[in-house]
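Chemist: Input: one structure, supplied below.
The values are calculated or read from the model by the stated rules, or taken from the named source; none is laboratory data. What you see is a predicted model, and the numbers here were worked out from it, not measured in a lab. Neighbour counts run over all protein chains shown; Cβ positions are idealised from the backbone, glycine included. Calculation scope for accessible area: heavy atoms of the full protein, side chains included, ligands and nucleic acids excluded. Shrake-Rupley method; radii C 1.70, N 1.55, O 1.52, S 1.80 Å.
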Amino acid sequence: MAATLILMRHGKSAYPDGVGDHARPLAPRGEREAGLAGAWLRATMPPVDAVRCSTAERTRQTLAATGITAPVEYTDDIYEANPHTLIELIQLTDDAIDTLLVVGHVPGIPWTAWELAANRDSDQATELSRKFPTSALAVLEFDRPWAQLDPGTGELTYFHVPR
């Protein structure tokens, strides 16, 4: 069994006056780069079977801009989540799902990618550890069921920054 996990940071957000963090929308650059991320996903990755997305407005808009149309579960658990929480959430994925996309925030998304990667000395991991820009994607492959994902059990195969 092979499981593919795609961890995505939301697109560049706007900072309108009087709008709280959870309600901040994407900036035009964020819309464009999230669209580029979606095009890259469709061109290089297996089809996404399911999505878990933060309930924040900018993550919802990021997902919409990617054009990914897989079934979505919106959850508050991703907003401000640490790697432990995100890994637990990912472990709940049904084994019928081969490719899962998680759309969230920093620091949870990059820290989770780092925690799950076994190949932390790879070029991808080095790049990821330096900076995880908006709309960036970390792709990890696992040779085990979702419930058995633990730190250091995945292969970080791609780190992509759509520009």
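Chemist: Please name all residue pairs, on different chains or six or more residues apart, with Cβ atoms under 6 Å, provided the first residue is in the range 61-88 and is closer than 21 Å to Asp21 by Cβ and the second residue is small (Gly, Ala, Ser) and open to solvent by 20 Å² or more (accessible area, probe 1.4 Å).
Modeler: Within 6 Å, the pairs are Ala65/Gly35.
Chemist: What is the residue count in the range 36-82 for residues that are under 20 Å from Ala14 (Cα atoms), among the hydrophobic types (A, V, I, L, M, F, W, C) and open to solvent by 60 Å² or more (accessible area, probe 1.4 Å)?
Modeler: 2
Chemist: Kindly evaluate Asp94 against the criterion of being without any contact (Cβ under 8 Å) to a residue 60 or more places away in the chain, part of a helix (DSSP H, G or I) and at negative phi. Before the answer, list the steps.
Modeler: Working: without any contact (Cβ under 8 Å) to a residue 60 or more places away in the chain: yes; part of a helix (DSSP H, G or I): no; at negative phi: yes.
No: the conditions fail for Asp94.
Chemist: Which one is most open to solvent (accessible area, probe 1.4 Å), of the residues in the range 1-26 that are of a type in the set (Gly, Ala, Ser) and within 28 Å of Leu140 (Cα to Cα)?
Modeler: Quick first cut of the range 1-26, residues of a type in the set (Gly, Ala, Ser) only: 2-3, 11, 13-14, 18, 20, 23.
Okay, now just the ones that are also within 28 Å of Leu140 (Cα to Cα), so 2-3, 11, 13.
Details: Ala2: 64, Ala3: 0, Gly11: 0, Ser13: 8 Å².
Only one residue fits best here, namely Ala2.
Chemist: Could we say that Ile87 is open to solvent by 20 Å² or more (accessible area, probe 1.4 Å) and either modelled with pLDDT of 95 or more or within 13 Å of the chain's Cα centre (by Cα) (or both) here?
Modeler: Numbers: open to solvent by 20 Å² or more (accessible area, probe 1.4 Å): no; either modelled with pLDDT of 95 or more or within 13 Å of the chain's Cα centre (by Cα) (or both): yes.
When the stated conditions are applied, Ile87 does not pass them.
Chemist: Find the residue count for the range 149-163, including only residues that are under 17 Å from Thr99 (Cβ atoms) and open to solvent by 60 Å² or more (accessible area, probe 1.4 Å).
Modeler: The number of residues fulfilling the criteria is 2.
Chemist: Specify which of the listed residues (Leu116, Leu128) is closer than 24 Å to Ala43 by Cα, crowded, with 21+ Cβ neighbours inside 10 Å and not basic (Lys, Arg). Show your work before the answer.
Modeler: On the way: Leu116 fails: closer than 24 Å to Ala43 by Cα.
Every option except Leu128 fails the conditions.
Chemist: Can you confirm whether the range 143-151 contains a residue that is within 26 Å of Thr69 (Cα to Cα), of a type in the set (Phe, Trp, Tyr), outside any helix (DSSP H, G or I) and touching a residue at least 60 places away in the same chain (Cβ under 8 Å)? If you could, list the steps in order and put the result at the bottom.
Modeler: In the first step, residues of the range 143-151 are kept if they are within 26 Å of Thr69 (Cα to Cα); the result is 143-147, 149.
Next, from what is left, pick out any that are of a type in the set (Phe, Trp, Tyr): 146.
Okay, now just the ones that are also outside any helix (DSSP H, G or I), so none.
The answer is no, given that none of the residues of the range 143-151 is within 26 Å of Thr69 (Cα to Cα), of a type in the set (Phe, Trp, Tyr), outside any helix (DSSP H, G or I) and touching a residue at least 60 places away in the same chain (Cβ under 8 Å).
Chemist: Quick check on the range 8-21: of everything there that is closer than 20 Å to Phe132 by Cα and either assigned to a loop (DSSP other than H, G, I, E, B) or not acidic (Asp, Glu) (or both), which residue is farthest from the chain's Cα centre (by Cα)?
Modeler: Among those that are closer than 20 Å to Phe132 by Cα and either assigned to a loop (DSSP other than H, G, I, E, B) or not acidic (Asp, Glu) (or both), it is Tyr15.
Chemist: What do you reckon, is Glu33 part of a loop (DSSP other than H, G, I, E, B) and either among the charged types (D, E, K, R) or buried (at least 23 other Cβ atoms within 10 Å of the Cβ) (or both)?
Modeler: So Glu33 does not fit the description; no.
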